[in-house]
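For reference, the structure discussed in these notes is given below.
The values are calculated or read from the model by the stated rules, or taken from the named source; none is laboratory data. Remember, it's a predicted structure, so these values are computed and weren't measured experimentally. Because the Cβ atoms are built from the backbone with ideal geometry, glycine has one as well, and the counts that use them run over all protein chains shown. Ligands, DNA and RNA are excluded from the accessible area calculation, which covers all protein heavy atoms including side chains. Shrake-Rupley method; radii C 1.70, N 1.55, O 1.52, S 1.80 Å.
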Amino acid sequence: MHRLLGIIACVLADSMFTNPAEATVFRVPTPRYRTINMALSASSPGDTILVASGEYKENISFPWGITLVAPNGAMLRPEGSGLITMEGVDIELPITIAGFTITAPWNHAVMFDNTIFEIRNCTITCKSKGWYPLWAIDSEGVVTNTCFSGDPDFATLRASVDVELRNNCE
């Protein structure tokens with residue numbers, strides 16, 4: 001009996017310290033994931049979504065811990081007053097956006113609230129007066145090799161905490 005309990009204890013201890021399941025890579029578009037939002041809905045923290053070149057007219061609200069990459073470039077155009085958002089999440093699981101041209105017709109193009117993020121190799125444009133291309137409130141992030149455009153008085157970003165800009169253009 002003691003030997004059986006010892007074996008059970010070893011199995012339970014081993015399962016507590018093994019790595020979680022491998023991260024999943026989603027590809028957009030595919031027959032199963034025709035839109036970025038469809039892939040985001042199926043994703044879990046640690047997953048990566050690879051987006052093929054093309055134009056995507058979607059409003060996106062990120063789950064935490066996701067990497068969204070367009071290796072060959074893709075255009076993301078939030079519809080109407082929509083934008084790309086991430087709010088009220090587990091800030092220990094950052095998100096990454098890379099390789100996109102993001103153009104918002106109205107409102108901020110990208111908005112983070114209480115988030116850790118990384119944006120790299122993107123172009124972010126806000127077409128309306130009085131709005132920032134990137135709005136980061138109570139968030140920490142790094143923005144690298146990214147170009148911003150829009151209202152000259154609101155050219156880059158509005159941040160209330162720590163956002164580091166590296167090698168960017170306006």
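Here are the numbers for this structure:
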{"read-out": "Filtered residues of the range 18-66 (kept if within 18 Å of A109 (Cα to Cα) and either open to solvent by 40 Å² or more (accessible area, probe 1.4 Å) or part of a strand (DSSP E or B) (or both))", "value": "N37, E55, Y56, K57, N59, I60, S61"}
{"read-out": "Selection within the range 139-170 - more than 17 Å from the chain's Cα centre (by Cα) and β-branched (V, I, T)", "value": "T156, V161"}
{"read-out": "Filtered residues of the range 59-106 (kept if of a type outside the set (D, E, K, R), modelled with pLDDT under 75 and within 20 Å of A159 (Cα to Cα))", "value": "G82, L83, I84, T85, M86, G88, V89, I91, W106"}
{"read-out": "Hits in the range 142-169 - residues which are farther than 15 Å from I119 by Cα, in a loop (DSSP other than H, G, I, E, B) and of a type outside the set (S, T, Y)", "value": "G150, D151, A155, V161"}
{"read-out": "Cross-chain or 6+ apart pairs with Cβ under 8 Å, the range 48-72 first and basic (K, R), then at pLDDT below 90 and open to solvent by 40 Å² or more (accessible area, probe 1.4 Å)", "value": "K57/R77; K57/E79"}
{"read-out": "Only listed residue being within 14 Å of I95 (Cα to Cα) and hydrophobic (A, V, I, L, M, F, W, C), chosen from I66, I36", "value": "I66"}
{"read-out": "Whichever residue in the range 121-141 is of a type in the set (G, A, S) and either surrounded by fewer than 19 Cβ atoms within 10 Å (Cβ to Cβ) or part of a loop (DSSP other than H, G, I, E, B) (or both) and, among such residues, is modelled with the lowest pLDDT", "value": "S128"}
{"read-out": "Search result, residues across the range 100-120 that are open to solvent by less than 30 Å² (accessible area, probe 1.4 Å), of a type in the set (S, T, Y) and assigned to a strand (DSSP E or B)", "value": "T103"}
